[in-house]
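Novice: Here's a structure for you.
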Amino acid sequence: LSIEVPTMSGMAKSDSSGSLNAGPKVRVIKPKVQSYAWGIRGLDSRVARYALECGIIDSVDPSAPYAELWIGTHPKAPTTFTDGTTLESAVGGELPFLFKILSAGKALSIQAHPDKRNAERLHAENPEAYGDSNHKPEMAIALTPFEAMCGFRRIEEIVVLLKKYPEFAACIGDEEKLAVFMCEDEPSKKEALRGLFTSFMKCAPPKALAELAKLLNRIQLEQAGHHRHPHDELPWERKCARAILRLAQQFPGDPGAMAPLFLNYLLIAPGESFFMAANEPHAYVAGEIIECMACSDNVVRAGLTPKFKDVDNLVNLLTYTMGGPSIDAGAPTEDPRILRYTPPVPEFEVLIASCNPGEELTLPSLEVPAIFIVIEGAGTTLEAGSRNGAEMYNPVVLRPGRTYYTPPKSEPLTVAVSASAGGPLRIAIAHENLHLAVPSTGPLRSPATSLEVDDVGMAADEFRNPNPFGINLATSPRGGDPYA
C-alpha cells in the first residue's frame, strides 16, 4: 500500500510522484473550514484543532467560531489534495456523500432538509437560497455529549405543555388548539400537529414576542424556587423549561426559543448516533459530532437564525411524524473494534475503528471510494511485512484531524498504537452504503412510553450498546437515558 504524505517531522517523505511507492494510493486530503456564528470559538473547537493539524489554517483566532470541517466534493467547499488538484478529479465525479466534523457552541436554526422532489422544486424556484437539487438525509455520531432537538413531540406531551404554559397556547389559534385536544387516531393527530405548528410559526411577531417575554418570566420564577416541589414536576418538563431559557439567551427576541415545547429534546453520549430523514424538523443545540449526509447543502429554516427563513415551505414539506429518533450505538463487524453506523439510505455509512495501546488493527478493504479522518489518539501505519517485530518501513504518523482519501480496492491499511500510549487511536471512515439491507439505525418513530414515567421519548433499543466509546455512563450527564 502506498500513502501520499506531506513532508513533516516524524513522517515519511514522498517521492517525486507524491507517493511512497507504486500502486493504489491512500492520499492526504485538505478539507475546508466553515466559520458559522454558532461554532465553538478558538482552540476549544475540534474543527479548529483538526484544521490546524491538517495545515489548512496557519493559526487559530481565539475569538473566531470554527463550526464545520467539510470533506467531500460539494462545490461550495471542495476538498483538494496537497498538490491543489480536487478530490472530485480523483474520484471521477461527485461523491454521493458529504462528511463533516461539527462543533456547535450554540443552537443551529430550526430546520429541515428537503426530499429529492422538494429539493428540485426549491432549487428551480430559488437557486440563491437552495444551491443544489439534491436531498439531504443525515446522520450524527456524537464525539462529545451532544444536545439536539429532533422530531415533533407526541401530541399527548404537547397537550400537557399547552395546559401548563398559557403563553404558548396564546400563540396558537383556537381552532388549532381544539383540534389538538380532540384528535384520537394517527391521521387526526398528524393533521392537528400540522395545524398547531403552522399556527405557531405564523403567529404575528408582536404577539409572539410579548408571549415569549411572559413565558420567560414565568419560567425564571419557577427556576428561582417559586413553584411546587420538584418531585411534582417530571424531569422532561424541567429540561424543556431550562432549554427555553437557554435558547432565549442565545437568540434574544426570537420566538423560536419556544421550540422545545413542540420538538423532542435529547442528549446523547459519545459513540451514540441518530439519523434524520428528509422533511423532519430538528435543531442541533450544543456539542461536537461526526456528521455524514447526502451531498447537499439545502436547508429550509424557520427560526433561531438571522439567515433567510422560509416558513411557508417548511410547514408544507414536513411529514409531521411524532416521536424522537432511534438512538444507535453502532453495529459490530467481524472485528468488534470496528463499529458500523448504517442509515436506511444508499448514499453513505460510517465506520468507527478503535485500536487500543499495544494493538494493531487492519482497516477493511473497500470496493468504493472512502474518506477517513483520525478523530482521537495517535498511531502509525504499518507496511506489509513490517509487523511481528520486523523493521517498519515508511510509517505514517496518524494524529487527530489528519484526513485521507482511499481509492476503491486499495490494499488493506494496518495501523498500530504504541503500548505506552495513553489511550486508543480512533478513526472514522465514510463511504457509500454497502449494508443498505441491514441498517443499524432508522427514521423517527412514535414511541409508546407513558407520560407517567420520567423518560420521555422512547425505550432503549434492544440492540443498543450502552458504552460504545468506553464512556463511564455512571458519570454521564444523563445516565444512559437520552430523553431524561
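Novice: Quick one: is Ala430 modelled with pLDDT of 95 or more and small (Gly, Ala, Ser)?
Specialist: Values: modelled with pLDDT of 95 or more: yes; small (Gly, Ala, Ser): yes.
Spelling it out, Ala430 is indeed modelled with pLDDT of 95 or more and small (Gly, Ala, Ser).
Novice: Any idea how many residues of region 184-217 are open to solvent by less than 80 Å² (accessible area, probe 1.4 Å) and free of Cβ contacts under 8 Å to residues at least 60 places away in the same chain?
Specialist: Of the residues in region 184-217, 14 are open to solvent by less than 80 Å² (accessible area, probe 1.4 Å) and free of Cβ contacts under 8 Å to residues at least 60 places away in the same chain.
Novice: May I pose another question? If I ask for residues that are part of a strand (DSSP E or B) and either without any contact (Cβ under 8 Å) to a residue 60 or more places away in the chain or open to solvent by 10 Å² or more (accessible area, probe 1.4 Å) (or both), which ones from region 143-164 would you list?
Specialist: Step one: filter region 143-164 for residues part of a strand (DSSP E or B), giving 146-152.
Result: Glu147, single match.
Novice: Just give me the residues in region 66-87 being part of a loop (DSSP other than H, G, I, E, B) and buried (at least 19 other Cβ atoms within 10 Å of the Cβ), in sequence order. Walk me through it before giving the result.
Specialist: From region 66-87, those part of a loop (DSSP other than H, G, I, E, B) are 67, 72-79, 82-85; that's our starting set.
Within region 66-87, Ala67, Gly72, Thr73, His74, Thr79 meet the criteria.
Novice: Can you tell me which residues in region 184-202 are more than 30 Å from the chain's Cα centre (by Cα) and outside any helix (DSSP H, G or I)?
Specialist: If the condition is that a residue be more than 30 Å from the chain's Cα centre (by Cα) and outside any helix (DSSP H, G or I), then Glu184, Asp185 are the ones that fit.
Novice: While we're on this one: Which residue out of Ser59, Ser45, Ser63, Ser35 is crowded, with 18+ Cβ neighbours inside 10 Å, at pLDDT 95 or above, farther than 22 Å from Ile429 by Cβ and polar (S, T, N, Q)?
Specialist: Working: Ser59 fails: crowded, with 18+ Cβ neighbours inside 10 Å; Ser63 fails: crowded, with 18+ Cβ neighbours inside 10 Å; Ser35 fails: crowded, with 18+ Cβ neighbours inside 10 Å.
The unique qualifying residue is Ser45.
Novice: Also, quick follow-up: Residue by residue through region 313-330, note down the ones that are within 24 Å of Ile101 (Cα to Cα) and open to solvent by 10 Å² or more (accessible area, probe 1.4 Å). Break it down stepwise before answering.
Specialist: Within region 313-330, the first condition is being within 24 Å of Ile101 (Cα to Cα), and the residues that meet it are 324-330.
Ser326 - this is the single residue of region 313-330 that is within 24 Å of Ile101 (Cα to Cα) and open to solvent by 10 Å² or more (accessible area, probe 1.4 Å).
Novice: Please verify whether Ala90 is assigned to a helix (DSSP H, G or I), of a type in the set (A, V, I, L, M, F, W, C) and out of contact with any strand residue (DSSP E or B) (no Cβ under 9 Å at 6 or more places or on another chain), treating the condition exactly as stated.
Specialist: It is false that Ala90 is assigned to a helix (DSSP H, G or I), of a type in the set (A, V, I, L, M, F, W, C) and out of contact with any strand residue (DSSP E or B) (no Cβ under 9 Å at 6 or more places or on another chain).
Novice: Right, here's the next one. Just name the residue that is farthest from Asp44 (Cα to Cα) out of those in region 122-142 that are open to solvent by 20 Å² or more (accessible area, probe 1.4 Å) and touching a Leu at 6+ places or on another chain (Cβ under 9 Å).
Specialist: In the first step, residues of region 122-142 are kept if they are open to solvent by 20 Å² or more (accessible area, probe 1.4 Å); the result is 123-129, 131-135.
Next cut, touching a Leu at 6+ places or on another chain (Cβ under 9 Å) only: 129, 133.
Working: Ala129: 31, Ser133: 35 Å.
Ranking the candidates gives Ser133 first.
Novice: Right, something else. Of everything in region 165-176 that's in a helix (DSSP H, G or I) and open to solvent by less than 40 Å² (accessible area, probe 1.4 Å), which residue is nearest to Pro260 (Cα to Cα)?
Specialist: Start the filter on region 165-176 by keeping residues that are in a helix (DSSP H, G or I), which leaves 166-170, 174-176.
Now drop any that are not open to solvent by less than 40 Å² (accessible area, probe 1.4 Å), which leaves 167-170.
Numbers: Glu167: 14, Phe168: 11, Ala169: 14, Ala170: 16 Å.
Out of the qualifying residues, it is Phe168.
Novice: When you go through (1) within 26 Å of Asn313 (Cα to Cα); (2) of a type outside the set (D, E, K, R); (3) surrounded by fewer than 16 Cβ atoms within 10 Å (Cβ to Cβ) one by one for Gln220, which number turns out not to apply?
Specialist: (1)
Novice: Within region 369-406, count every residue that is in a loop (DSSP other than H, G, I, E, B), of a type outside the set (D, E, K, R), open to solvent by less than 40 Å² (accessible area, probe 1.4 Å) and modelled with pLDDT of 95 or more.
Specialist: 3
Novice: Looking at region 256-277, is at least one residue open to solvent by 20 Å² or more (accessible area, probe 1.4 Å), in contact (Cβ under 8 Å) with a residue 40 or more places away in the chain and farther than 16 Å from Ile327 by Cα?
Specialist: Looking for residues that are open to solvent by 20 Å² or more (accessible area, probe 1.4 Å), in contact (Cβ under 8 Å) with a residue 40 or more places away in the chain and farther than 16 Å from Ile327 by Cα, one finds none in region 256-277, hence no.
Novice: Given the structure, is Ala119 touching a strand residue (DSSP E or B) at 6+ places or on another chain (Cβ under 6 Å), outside any loop (DSSP other than H, G, I, E, B) and open to solvent by less than 10 Å² (accessible area, probe 1.4 Å)? Spell out the reasoning first.
Specialist: Numbers: touching a strand residue (DSSP E or B) at 6+ places or on another chain (Cβ under 6 Å): no; outside any loop (DSSP other than H, G, I, E, B): yes; open to solvent by less than 10 Å² (accessible area, probe 1.4 Å): yes.
It is false that Ala119 is touching a strand residue (DSSP E or B) at 6+ places or on another chain (Cβ under 6 Å), outside any loop (DSSP other than H, G, I, E, B) and open to solvent by less than 10 Å² (accessible area, probe 1.4 Å).
The values are calculated or read from the model by the stated rules, or taken from the named source; none is laboratory data. Everything numeric here is computed off the predicted structure, so don't read it as measured data. All Cβ positions, even for glycine, are placed from backbone atoms using ideal geometry, and neighbour counts span all protein chains on display. We work out accessible area using only protein heavy atoms, side chains counted, and drop any ligands, DNA or RNA first. Shrake-Rupley method; radii C 1.70, N 1.55, O 1.52, S 1.80 Å.
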